Amino acid sequence: DGKQTFTSLSIGVSLYPDDGIDSSLLLKNADTAMYKAKDLGKNRYEFFNKNMFNEVLKKSKIEKGLRNALENNEFQLYYQPQIDCKTKKIQGMEALLRWKNNDFGFVCPADFIPVAEETSLILPIGEWVVKTACIQGKEWLDKGYNLGVMAVNVSIVQLQHTDFLNTVKTALKESKLPPELLEIEITESVLMECVDYNIETLHKLRQLGINIALDDFGTGYSSLSYLRILPINNLKIDKSFIDSIHLNYTNRSVVYGIIELAHKMNLNIVAEGVEWQDQFDILQSMNCERVQGYFFSKPIPADNIEDLTNLMTHKNN
């Protein structure tokens, strides 16, 4: 009809007899290789290899385990404190999901979170995380611990689900945690998927009094033009910038620039991955508000947080 159409191809290849001795297995393995080609950017070809089969098998086992994990109470939240640079006291907590499966032990979040997102299992899991974190935050508050905001990471699947706002409202209502003590963390990559819709959702969260943090700042593809209109309170500087801040002048300059920019926009900064005294001293000199990392504490179970709080209070005194 006089119209020009452009297409691209993702191709998976399997070879007889190494990859199968019948057409059914050859096609199955070629299909696996094709999806690997898609995962690696599309418009390319990939030959099947046994590692691909192992990846598929591993994902299958993880998915099966995830479907029963909530019912079996296999999930647990660990908490990593965020430290005020001036007072060296805890001024926030990040809730981090951990999974110990009955069959194959602790599973790395980098392995099971993507599977949970692909299968939409992240929705019931994410709902459990928000509710559990809010309940824990209120429990600490009732015990007299002033630990600042409770930060919860949210995936793109959760943020774009129609019931997400109701999930957050319900968690706050049932736990009775003040909205200003809840912080929703999103990454740049999450934000950039369906930007307008995500910004609208963030505005609605802010109207509830909830804090918003932009996580892994500087590693994604978001434009500074979006930074002007985002309803956020905090920027979290990615660990990759902090790792060599005490060794590399260029990294130090980048971090200083981010902090200065944030302050001019009335945003607070949280620096992640602080592991050394020198790193903390530099960030403190740059007027960074909060830091987070192994220098103060790795993520630990809720039962250990109170001991850590008492220890840090005694140490500061």
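The values are calculated or read from the model by the stated rules, or taken from the named source; none is laboratory data. Every value quoted in this text rests on a predicted model; they were computed, and no experiment measured them. Methodologically, a virtual Cβ is constructed for each residue, glycine included, from the backbone with ideal geometry; neighbour enumeration extends over all protein chains shown. Accessible surface areas use protein heavy atoms only, side chains included; no ligands, DNA or RNA. Shrake-Rupley method; radii C 1.70, N 1.55, O 1.52, S 1.80 Å.
Here are the numbers for the structure shown:
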read-out: Qualifying residue in segment 182-190 (condition: more than 12 Å from the chain's Cα centre (by Cα) and surrounded by fewer than 21 Cβ atoms within 10 Å (Cβ to Cβ)); value: no
read-out: All helices (runs of 4 or more DSSP H) inside segment 92-159 with 3 or more residues being open to solvent by 40 Å² or more (accessible area, probe 1.4 Å); value: 109-118, 122-142
read-out: Hey, residue 222 buried (at least 18 other Cβ atoms within 10 Å of the Cβ), among the polar types (S, T, N, Q) and modelled with pLDDT under 95 or not; value: yes
read-out: Scope segment 290-308; condition open to solvent by less than 40 Å² (accessible area, probe 1.4 Å) and basic (Lys, Arg); matching residues; value: 290
read-out: Single unsatisfied condition, residue 245 versus (1) over 20 Å from the mean Cα position of the chain (by Cα); (2) within 26 Å of residue 77 (Cβ to Cβ); (3) open to solvent by less than 80 Å² (accessible area, probe 1.4 Å); value: (2)
read-out: Residue 83, sole failed condition from (1) open to solvent by less than 60 Å² (accessible area, probe 1.4 Å); (2) assigned to a helix (DSSP H, G or I); (3) not aromatic (Phe, Trp, Tyr); value: (2)
read-out: Test for residue 67: is it touching a residue at least 12 places away in the same chain (Cβ under 8 Å), over 30 Å from residue 123 (Cβ atoms), open to solvent by 60 Å² or more (accessible area, probe 1.4 Å) and among the basic types (Lys, Arg); value: no
read-out: Of all residues making up segment 26-40, the number that are out of contact with any strand residue (DSSP E or B) (no Cβ under 7 Å at 6 or more places or on another chain) and under 16 Å from residue 7 (Cβ atoms); value: 1
read-out: Scope segment 16-49; condition open to solvent by less than 40 Å² (accessible area, probe 1.4 Å) and not in a helix (DSSP H, G or I); matching residues; value: 19, 20, 46, 48
read-out: Check on residue 166, modelled with pLDDT of 90 or more, polar (S, T, N, Q), loosely packed, with under 15 Cβ neighbours inside 10 Å and closer than 29 Å to residue 136 by Cβ; value: yes
read-out: Residue within segment 194-204 that is under 16 Å from the mean Cα position of the chain (by Cα) and surrounded by fewer than 15 Cβ atoms within 10 Å (Cβ to Cβ) present; value: no
read-out: Residue under evaluation residue 174, criteria (1) surrounded by fewer than 15 Cβ atoms within 10 Å (Cβ to Cβ); (2) at pLDDT below 95; (3) touching a helix residue (DSSP H, G or I) at 6+ places or on another chain (Cβ under 8 Å), criterion not met; value: (2)
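So that you can scan it fast, the table gives a plain yes or no per residue for (1) of a type outside the set (A, V, I, L, M); (2) modelled with pLDDT under 95; (3) more than 22 Å from residue 93 (Cβ to Cβ):
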{"residue": "247", "(1), (2), (3)": "no, yes, yes"}
{"residue": "251", "(1), (2), (3)": "yes, yes, yes"}
{"residue": "258", "(1), (2), (3)": "no, yes, yes"}
{"residue": "262", "(1), (2), (3)": "no, yes, no"}
{"residue": "265", "(1), (2), (3)": "no, yes, yes"}
{"residue": "270", "(1), (2), (3)": "no, no, no"}
{"residue": "277", "(1), (2), (3)": "yes, no, yes"}
{"residue": "285", "(1), (2), (3)": "yes, no, yes"}
{"residue": "289", "(1), (2), (3)": "yes, no, no"}
